[in-house]
Amino acid sequence: MLTNARQKMIETIALRDGEVIISKVAKELDVSIETVRRDINALCEKNVLTKVHGGAVPVNPQVVEAAYTQRKITNSVVKNKLGAYAAGMLKNNAVVVIAAGSTMEAVAASITGVHNLTVLTNSLPVVGILSDRNAVGLYDGKAILLGGQVHLTEHFTYGPVFEKQLEHYTADIVFVSASAVSGPALMTSSIDEGNVLGRMLEHAARRVLIIESKKIDRRSIYRFAELDGIDEIITDDAYPLPAALMKLIKTHKIELHIVK
């Protein structure tokens with residue numbers, strides 16, 4: 001493979017995954033680690049990438065969302081940890097809104113030791129997970145699927161019917177995720193999903209954003225909320241949080257949970 005073509009592939013991987021891990025890319029491209037290091041150095045000189053330990057990240061990252069089936073298995077260990085931490089916040093008899101997405105499914109799969117929950121969701125997989133857990137005695141609460149048009153590839157409901165149904169509910173807590181956080185903006189790659197998330201945040205007393213740290217300081221297409229509309233953030237410690245974000249968190253008095 002020619003150098004230019006290989007570097008273009010490395011740039012594509014960086015934008016797709018939010019990072020380039022030298023050992024992983026060397027295996028994927030079937031080249032030596034030294035070759036990947038040289039390519040990363042060249043891309044850093046062009047101000048395309050910035051070096052981090054073990055690899056590099058894009059200088060101007062913008063989320064390119066993978067297909068649902070791919071996202072479901074990507075970074076699953078971190079998603080499961082975040083989901084378990086979020087589920088641990090729940091109390092008996094609570095009304096909770098859980099949005100759609102693979103991290104939200106990890107929340108549903110981790111609910112244990114609490115009773116008589118009412119879960120409102122637009123996620124078909126979340127309902128399926130709760131149903132399966134109910135069948136084996138791990139979940140004894142209710143699940144309410146908010147209807148509407150079904151996004152057949154992302155497996156969630158949306159649209160005016162969803163919004164009309166949501167109007168009738170008020171929750172104790174809502175869990176949402178985002179494709180990216182850029183400055184004060186919470187962003188997603190889908191306008192339909194963004195409208196759903198924005199509405200959900202309006203219907204809960206406690207608003208919690210669950211997001212992988214690699215998605216922070218990145219951009220996506222659609223801004224659905226601002227940080228000042230969030231009460232708590234749950235993230236992991238894989239990447240340090242930018243100083244500008246920490247300042248915003250302090251300014252808006254957002255409670256930050258970093259899961260090890």
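Every number here is computed from the coordinates shown, using simple stated rules; none is lab data. These numbers were taken from a predicted model, which means no experiment stands behind them. Cβ: placed from backbone, ideal geometry, glycine included. Neighbour counts: every protein chain shown.
Note on the chain: with a GNM built from Cα contacts shorter than 10 Å, the maximum mean-square fluctuation among 170, 50, 35 falls on 35. A Gaussian network model of the chain, with springs between Cα atoms under 10 Å, assigns the largest mean-square fluctuation among 248, 43, 29 to 29. Taking the DSSP bridge list for the chain and keeping only pairs wholly inside it, about 40 percent are antiparallel. In the set [x] 17; [y] 33; [z] 28, the label that goes with percent of Cα pairs over 31 Å apart computed for this structure is [z]. Taking 215, 142, 164 as the candidate residues, the one with maximal mean-square fluctuation in a Gaussian network model of the chain, Cα springs under 10 Å, is 164. Between residue 28 and residue 74, the modelled labels are 0.9 nm apart [label points 7 Å from Cα along Cα→Cβ]. Cβ-to-Cβ counts within 10 Å put 197, 15 in ascending order as 15, 197, the fewest first. Each Lys and Arg Cβ is given +1 and each Asp and Glu Cβ -1; about its Cα centre, the chain then shows a dipole of about 480 debye.
Rounded to the nearest 20 Debye, what is the dipole magnitude of the stretch 3-58 about its Cα centre when Lys and Arg each give +1 and Asp and Glu each give -1 at the C-beta?
Working: 9 positive and 8 negative charges, 11 e Å.
The dipole magnitude comes to about 60 debye.
In terms of surrounding Cβ atoms within a 10 Å radius of their Cβ, 25, 259, 161 rank from fewest to most as 161, 259, 25.
A straight Cα-to-Cα reach below 17 Å connects residue 27 with the aspartates and glutamates 11, 17, 19, 39, residues fewer than 8 places away in its own chain not being considered.
Selection among 177, 43, 188 by position relative to the dipole of the chain gives 43 as farthest towards the positive end (Cβ unit charges, Cα centre). Projecting the Cα atoms of 161, 128, 74 onto the charge dipole of the stretch 69-221, computed from C-beta unit charges around the Cα centre, puts 74 farthest toward the positive end. Rounding to the nearest 10 and keeping the result within 0 to 90°, find how far the Cα-based axis of helix 76-87 lies from the longest principal axis of the chain. That works out to roughly 30 degrees.
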